[in-house]
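The values are calculated or read from the model by the stated rules, or taken from the named source; none is laboratory data. Keep in mind that what you see is a predicted model, and the values were worked out from it rather than measured. Backbone-built Cβ (ideal geometry, glycine too); neighbour counts: all protein chains shown.
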Amino acid sequence: MQATATARAGQILSAILLGVITLGPSVATAQGDRGGGGDFVALVRRTVANEIHANQSRAAQGTSPVRFKIHKKDERSVTTKEIVQTRDGSVARLVGINDLPLSPEQEQAERARLQRLMDQPEIQEHRRKREKEDADRANKFVQMMPEAFVYSYAGIAQAPDGPAIKLRFKPNPSFMPPDQESRVAGGIEGELWIDQAQERMVRFDAHLFQDVDFGWGVLGRLYKGGTIHIENADIGNHNWQLVNMNLNLTGRALMLKMLTFRVTETATDFQLLPKELTYQDAIRLLESNVTPLTSVSGR
């Protein structure tokens, strides 16, 4: 039971600190505000409100399904999966382990797992609810950002999708975390890159400069020195997706069990799909049209 809770803490940590942290000032406004911390707070408050509104609209109207490949490396293994995002939540198919195709036995087991998912909709419904819970926690973190951090202008950088605004952020000493989950904001600082044209997050680099307590379903502590790196990109039609993530974090759960989050994920081969796609459609698509295992490259 403890292992499940620990894994859950890692999932929620990723959801909160990664691609959902999206700010969007225009370059002219950012440059004009470079000397005014108060003006940055107002700017962040407005853009956070816009981002939350966009997230809520997507949740209510449904998102355009996306298919992509994700290559994940952690301390236990290296896996490659095909992912299809649908209105019913994401569906994944394992296609490689340690950069090798699945064996016939592994392929048979994966097909059996997908068939169980097809036959038991409650499994997918549980996954959809879990994804929504993570998204709600992420929105909560985004909403507190205007008060939780102090921002300063750091210049313009050239990102893959074009010029990006750079903001530095650090904890606001006057911020009082409303709950255990929010206390992590007091221990991280770093740099945020924002796409100039579309006003979306391009890159998020942060490090823990002190130990922080957390409470994502299990009490614990993350140790200083940990790092977080995220890159987002427009995959088409103004659809922004996480394309690269690197977590290097250590800590303890309940002050007893050691936690280690050393994860690298790279997403590639994005394909936009019809809006009406259901999770059953996604399973059929993954079973009938499996993308061969190839080296990870490009979008």
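Condition test on Gly220, is it part of a loop (DSSP other than H, G, I, E, B) and among the small types (Gly, Ala, Ser)? Spell out the reasoning first.
Working: part of a loop (DSSP other than H, G, I, E, B): no; among the small types (Gly, Ala, Ser): yes.
Answer is no for this residue.
Exactly one of (1) farther than 18 Å from Ala206 by Cβ; (2) in contact with a Lys or Arg (Cβ under 8 Å, 6 or more places away or on another chain); (3) surrounded by fewer than 19 Cβ atoms within 10 Å (Cβ to Cβ); (4) of a type outside the set (D, E, K, R) is unmet by Ala154. Its number?
Of (1) farther than 18 Å from Ala206 by Cβ; (2) in contact with a Lys or Arg (Cβ under 8 Å, 6 or more places away or on another chain); (3) surrounded by fewer than 19 Cβ atoms within 10 Å (Cβ to Cβ); (4) of a type outside the set (D, E, K, R), only one is false for Ala154: (1).
Among the residues of the range 66-87, which ones are surrounded by fewer than 17 Cβ atoms within 10 Å (Cβ to Cβ), touching a strand residue (DSSP E or B) at 6+ places or on another chain (Cβ under 9 Å) and modelled with pLDDT under 90?
Within the range 66-87, Glu75 is the sole residue that qualifies.
Restricting the range 163-204 to residues that are assigned to a helix (DSSP H, G or I) and among the aliphatic types (A, V, I, L, M), which is modelled with the lowest pLDDT? Spell out how you get there, then give the answer.
Let us first name the residues in the range 163-204 that are assigned to a helix (DSSP H, G or I), namely 181-187.
If we keep only those that are among the aliphatic types (A, V, I, L, M) as well, we get 184-185.
Numbers: Val184: 81, Ala185: 85.
Checking each candidate, the answer is Val184.
Only residues that are touching a residue at least 12 places away in the same chain (Cβ under 8 Å), more than 20 Å from the chain's Cα centre (by Cα) and more than 21 Å from Ile52 (Cα to Cα): list them for the range 149-167, please.
Ser152, Tyr153, Ala154, Ile156, Ala157, Gly162, Pro163
Can you name the residue in the range 273-299 that is at pLDDT below 60 and hydroxyl-bearing (Ser, Thr, Tyr) and is also surrounded by the most Cβ atoms within 10 Å (Cβ to Cβ) among such residues?
First, the residues of the range 273-299 that are at pLDDT below 60: 290-299.
Then keep just the ones that are hydroxyl-bearing (Ser, Thr, Tyr); that gives 291, 294-295, 297.
Working: Thr291: 15, Thr294: 13, Ser295: 7, Ser297: 8.
If we take residues in the range 273-299 being at pLDDT below 60 and hydroxyl-bearing (Ser, Thr, Tyr), then Thr291 is surrounded by the most Cβ atoms within 10 Å (Cβ to Cβ).
Check the range 83-97 and report whether any residue there is polar (S, T, N, Q), farther than 20 Å from Glu231 by Cβ, within 18 Å of the chain's Cα centre (by Cα) and not in a strand (DSSP E or B). Outline the logic, then answer.
Here is the first cut: in the range 83-97, the ones polar (S, T, N, Q) are 85-86, 90.
Right, trim to farther than 20 Å from Glu231 by Cβ and you get 86.
If we keep only those that are within 18 Å of the chain's Cα centre (by Cα) as well, we get 86.
Retained after the next criterion (residues that are not in a strand (DSSP E or B)): none.
Within the range 83-97, none of the residues are polar (S, T, N, Q), farther than 20 Å from Glu231 by Cβ, within 18 Å of the chain's Cα centre (by Cα) and not in a strand (DSSP E or B).
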